[in-house]
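In what follows, a single structure is set out as structure tokens and then discussed.
Taken together, the values in this text are just the output of simple stated rules run on the coordinates, not laboratory data. Everything quoted here is computed from the prediction, not taken from an experiment. Every residue, glycine as well, gets a Cβ built from its backbone with ideal geometry; the counts of neighbours run over all protein chains shown.
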Amino acid sequence: MGDLYDRLSRKYPKVEVWAAGGLVLREHRGINEVLLVHRPAHRDWSYPKGKLDPGETLGRAAWREVFEETGFRCKRLKRLPLVRYRDGSGRRKAVVYWTMQVLDGQFEPNAEVDALGWFDLLSAGQVLTYEHDVLLLDSVTGPVPSLRMLA
């Protein structure tokens, strides 16, 4: 599946599910924004991501998953810190993300994603369903004060 996958799977041998995705970022009217997707089957807001196909590299899976879920063709930029957690079935999961920039495309609701939105960094921290997603955003942008921190 590629050198990166081989290195990471040796370093984290207990991971049962490997996935890849993207933090799609843009500057719009002077405001930095991140793209979030809504997955009705999970009733959550997250980043576009998904499991690797057999023989697929992590980088290719990230590009494919972002395209399939959003309709956007993106340029992969910087690889981000590995995100590890237990999925809804209790399995150990690891996701490799890259920051990405939209090149072209258009969103059409699909079986996995019924809505998406561009959120400023403060709003994104409030909308994201999972704490590990908030922490990943913080690793890219630095901690953004949020209402959670003020509560």
(message) It is to be established whether one or more residues within the range 15-30 are of a type in the set (Val, Ile, Thr), in contact with a Lys or Arg (Cβ under 8 Å, 6 or more places away or on another chain) and either crowded, with 20+ Cβ neighbours inside 10 Å or farther than 16 Å from Gly105 by Cβ (or both).
(response) yes
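Restricting attention to helices (runs of 4 or more DSSP H) lying wholly within the range 35-151, give those where 2 or more residues are surrounded by 15 or more Cβ atoms within 10 Å (Cβ to Cβ).
Numbers: elements: 58-70, 121-127, 131-141, 147-150.
Fully inside the range 35-151 and qualifying: 58-70, 121-127, 131-141.
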(message) Just to be sure I understand, how many residues within the range 70-85 are without any contact (Cβ under 8 Å) to a residue 60 or more places away in the chain and under 14 Å from Val24 (Cβ atoms)?
(response) 9
(request) Tell me which residues, restricted to the range 3-32, are of a type in the set (Gly, Ala, Ser) and assigned to a strand (DSSP E or B). (result) Ala19, Ala20, Gly21, Gly22
(request) All but one of (1) in contact with a His (Cβ under 9 Å, 6 or more places away or on another chain); (2) under 11 Å from Gly22 (Cα atoms) hold for Trp63, so report the exception by its number. (result) (1)
(message) Give all pairs with beta carbons closer than 6 Å in which a residue from the range 92-116 that is more than 15 Å from Tyr47 (Cα to Cα) meets a residue that is surrounded by fewer than 17 Cβ atoms within 10 Å (Cβ to Cβ) and basic (Lys, Arg); count only pairs at least 6 apart in sequence or on separate chains.
(response) Arg92/Lys14; Leu103/Arg73; Leu103/Lys75; Asp104/Arg73; Gly105/Arg73
